[in-house]
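Visitor: Below are the structure tokens for one structure; questions will follow.
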Amino acid sequence: MNFFKRAWLNLTAKKGRSILLILVTSAIMLFVLAGLLIRNAADTATSNAKQSVGATVTLAANREAAFKKMRSSTSTSKTSRPKLTTSPVKLSDAKKIAKLNNIASYTATVSTSANATGFSAISTSGSSAGGMKGMGGSTTSSGDIAISGVTSTSATADFENNTSKITSGRGITTADEGSNNVVIESELAKEDSLKVGDSIKLKATTGTKTTYTLKVVGIYKASSSTSTQQGPGATDPSNSVYTSYTFANTVKGSKYKNTADSVTFNVSDPAKVSAVKKAGNALINTSKYSLTTDDSSYQTVKASMDNVKSFADKIVWLVAIAGTIILALIVILMIRERRYEIGVLLSLGEARWKIVAQFFVEMVMVLVVSIAIAGAGGKFVGNQLGKQLVSQQTTTATTGSTSTQQGPGGGGAPGGSTSGTKPSGNMQAGGALGSSSTSTQKQAELAINVTVMDLVELGGFGLAIMFLSIMLASGGILRLQPKKVLIE
Amino acid sequence: MLKANDIGYWYDRQENSLFEHVNLEFKSGHSYAIVGQSGSGKTTFLSLLAGLDKPRAGQIELNGEPINQLGLTAYRRSHVAIVFQAYNLFTYMSPLNNLLTAMAVTNSSHRGDKAFAMEMLRKLGITDEQMTKNVQRLSGGQQQRVAIARTMVCDAKLVVADEPTGNLDEENTKDVIDQFQKIAHEQHKCVIIVTHEPDVAATCDYAYRLAKHEFTLEA
């Protein structure tokens with residue numbers, strides 16, 4: 001085992017060369033480690049996404065069936081234009097679905113509108129007074145204040161992804177069921193000098209046109225991007241207020257009691273979305289209602305992380321191959337420089353494999369120091385590289401989802417004659433965009449940490465690189481004739 | 001001890017052989033000089049005796065056994081110690097580590113015996129301080145003495161030297177030659193020296209001249 005001692009003596013005697021070798025090897029190991037860290041972090045992020053991003057199943061009126069029904073009535077009655085009639089979702093059905101496995105929580109949404117009484121709605125130049133007309137709202141009338149009845153504001157997409165934020169007071173919670181509490185937008189509050197604790201009056205636009213007094217419990221600020229998303233003819237986003245879904249139902253009329261426009265169920269494991277949908281369909285009247293799934297957030301994160309992982313894999317292999325070539329060239333040069341030493345060893349009767357082993361041990365000693373250096377710097381390089389990769393992937397993913405999800409009226413009906421359901425597509429479009437923003441947030445959380453296992457894996461890669469390099473370079477040693485070196 | 005039986009060597013064609021049908025015998029306890037003009041083939045002959053190359057014809061026997069059968073690497077490791085004109089020491093080591101490495105590689109019976117290696121170095125005039133410094137800090141004469149000490153710590157019974165005094169001044173040459181004679185006569189080893197210096201050849205027990213492809217014993 002004298003070659004271990006020779007390797008050590010050589011490395012310590014030729015400090016300059018050893019430091020150079022350590023620097024080159026550290027650079028190679030640093031990039032291999034960065035690649036490994038990003039790949040592992042992408043793996044973790046993908047599995048975390050399953051838990052944190054989740055997926056949703058939405059129970060809403062079956063519009064396809066409603067359209068079919070409308071078309072069939074058109075063919076029978078030619079005198080009057082038929083109406084598209086959809087049924088609101090019964091909360092009792094929603095509660096049954098909520099009991100299924102893998103349903104973490106659910107949120108009911110009711111949308112309607114009313115007219116401001118005693119205060120002024122924000123009017124946008126160029127938009128008509130009844131801004132929501134023709135946006136899927138009632139053909140009879142629609143108010144200038146859009147009411148979003150929710151179970152809880154924090155569960156809505158806009159608040160979840162911070163598009164909207166409570167700036168004063170509090171949001172709507174399940175405790176507000178049956179109350180006349182309202183959360184208004186900050187611009188509207190400013191315009192009408194409203195603050196938390198004040199009261200506003202809203203007049204229903206249908207039925208008995210009752211005027212309701214609501215108590216302002218919170219003020220929220222909608223981000224500027226939201227206002228740019230409004231569709232043609234939509235009311236100003238500052239005129240959107242949040243109430244409990246029970247109040248929104250009251251405004252819509254008594255027949256809407258214990259109903260919702262839609263109920264969104266959060267599925268704990270995105271992989272179980274299909275199973276939940278199947279089980280849910282068995283509990284509802286599918287001719288009236290439909291269950292739609294949305295695991296786009298998970299899919300966006302997954303696709304994005306798959307891209308990051310694939311790129312990280314390429315980094316690992318490219319650096320490993322380039323590193324092997326670079327190190328092999330260095331070792332070849334080193335061997336040429338040390339021909340006399342090899343010749344002396346051969347003349348002493350040293351076995352050739354032991355001479356190759358000496359070079360390998362030298363490189364392994366260099367590798368150990370390099371791994372320590374790479375371990376110290378790997379997290380920083382991995383973080384920088386990871387951030388860059390994620391930001392590129394996020395831009396691509398967000399652009400993709402925005403271009404597919406934006407449309408006139410968003411998820412709402414782009415016109416048509418429905419009986420007082422969704423007054424505006426704006427909220428839905430915002431929700432869809434919110435989903436992609438949520439995934440953006442999750443992607444940015446690519447956690448890069450150097451673990452012992454990472455270093456072990458890096459050591460494996462390093463040993464393989466060193467072994468290949470030495471094997472490529474050792475052809476020279478195996479062919480070397482001591483007589484040629486020492487005598488000729 | 002060592003016999004060259006009908007040895008012949010040539011590079012490209014047999015007609016241009018350096019020597020042919022060489023039959024020589026080298027015995028333990030004696031020193032031999034091989035002299036001749038530059039390019040006559042004396043170093044090549046030495047490389048055959050040292051097991052660094054194979055003859056084109058004939059065979060070399062060690063105690064009656066062809067060295068090819070022993071294996072040239074094993075033969076060099078256990079039976080031959082070589083001293084070169086350019087010293088050929090491990091330049092990144094101290095004189096002491098050079099000796100300890102040679103003892104380890106050749107599986108010397110004194111393997112790992114640091115005191116023995118130091119004693120050998122002291123015998124050859126290397127001080128304790130010089131022993132632990134890098135070998136390149138020593139003069140040419142001192143480096144050659146380290147190379148000779150390396151042959152003394154190994155168990156090899158055959159010591160071959162190629163122009164060992166080629167880079168040395170007169171005083172160092174005399175010292176080195178004295179050491180070779182001591183190795184032959186006191187350690188009872190067979191010493192074969194290739195030299196072009198008549199003074200060096202004159203100190204050896206026997207001198208063979210290689211001229212016109214033939215070896216002749218000089219008086």
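Nothing in this text is a laboratory measurement; each read-out follows from the coordinates by a stated rule. Computed from a prediction, not measured in an experiment: that's the story for all the values here. All Cβ positions, glycine included, derive from the backbone under ideal geometry; neighbour counts span all protein chains shown.
Visitor: Less than 16 Å from a label point 7 Å out along the Cα-to-Cβ axis of B:E186: which backbone N atoms in region B:98-119 qualify, by residue?
Guide: Output list for this probe position: B:116-119.
Visitor: How large is the charge dipole for chain B, taken about the Cα centre, if only the Cβ atoms of Lys, Arg (+1) and Asp, Glu (-1) carry charge, to the nearest 20 debye? Each step should come with its number before you reach the end.
Guide: On the way: 22 positive and 26 negative charges, 134 e Å.
For this selection, approximately 640 debye.
Visitor: What is the ratio of the Cα radius of gyration of region B:2-217 to 2.2 N^0.38 Å, with N the residue count, to two decimals? It would help to have the intermediate numbers written out before the result.
Guide: Working: Rg = 17.0 Å, N = 216, 2.2 N^0.38 = 17.0 Å.
Region B:2-217 yields a ratio of 1.00.
Visitor: On a C-alpha basis, how far is the centre of region A:360-387 from the centre of region B:19-45 in Å? Whole number, if you could?
Guide: So the two Cα centres are separated by 56 Å.
Visitor: Something else: Give me the distance between the Cα centres of region A:262-277 and region B:165-198, rounded to whole Å.
Guide: Spelled out, the Cα-based centre of one part sits 94 Å from the other.
Visitor: Give the residue from B:T195, B:I82, B:A102 lying farthest towards the positive end of the charge dipole for region B:2-217; charges sit on Cβ (+1 for Lys and Arg, -1 for Asp and Glu) and the dipole is referred to the Cα centre.
Guide: B:A102
Visitor: Output the direction-averaged projected area (hull surface divided by four) of the convex hull of the alpha-carbon atoms of region A:276-351, in nm². Don't skip to the end; give the middle numbers.
Guide: On the way: hull surface 39.4 nm².
Value for region A:276-351: 9.9 nm².
Visitor: Still on this structure, I have one more. Mind computing the radius of gyration and Dmax over the alpha-carbon atoms of region A:225-344? Å is fine for both.
Guide: Calculated on Cα positions, Rg and Dmax stand at 31.0, 103 Å.
Visitor: Please arrange B:S38, B:S78, B:S108, A:S142 by how many other C-beta atoms lie within 10 Å of their C-beta, fewest to most.
Guide: Numbers: B:S38 7, B:S78 18, B:S108 21, A:S142 26.
In order of increasing Cβ crowding within 10 Å: B:S38, B:S78, B:S108, A:S142.
Visitor: Using a 10 Å cut-off on Cβ atoms, rank the peptides A:350-357, A:149-156 from the highest mean neighbour count down. If you can, show how the numbers build up before the last one.
Guide: On the way: A:350-357: 17.9, A:149-156: 22.2.
Taking the mean over residues of other Cβ atoms within 10 Å, the ranking is A:149-156, A:350-357.
Visitor: Percent relative contact order of region B:2-217, based on C-alpha pairs within less than 8 angstrom and at least six residues apart? List each step's numbers first, then the result.
Guide: Working: 426 pairs, mean separation 67.5, N = 216.
Relative contact order here is 31 percent.
Visitor: Once R0 is set to 25 Å, what does the formula 1/(1 + (r/R0)^6) return for the Cβ-Cβ distance between A:E177 and A:R63, expressed as a FRET efficiency to the nearest 0.05? Don't jump to the answer; show the numbers that get you there.
Guide: Working: r = 27 Å, r/R0 = 1.09.
E between A:E177 and A:R63, to the nearest 0.05, is 0.35.
Visitor: Have a look at region B:141-196 and give its Rg and Dmax from the Cα atoms, expressed in angstrom.
Guide: So, for region B:141-196, Rg and Dmax equal 10.5, 29 Å respectively.
Visitor: May I pose another question? Starting with the fewest neighbours, write out B:L217, B:L2, A:L37 ranked by other beta-carbon atoms found within 10 Å of each beta-carbon.
Guide: Exposure proxy ranking, most exposed first: B:L217, B:L2, A:L37.
Visitor: On to the next question. For region A:160-189 and region A:460-476, compute the distance between their C-alpha centroids and round to whole Å.
Guide: 65 Å
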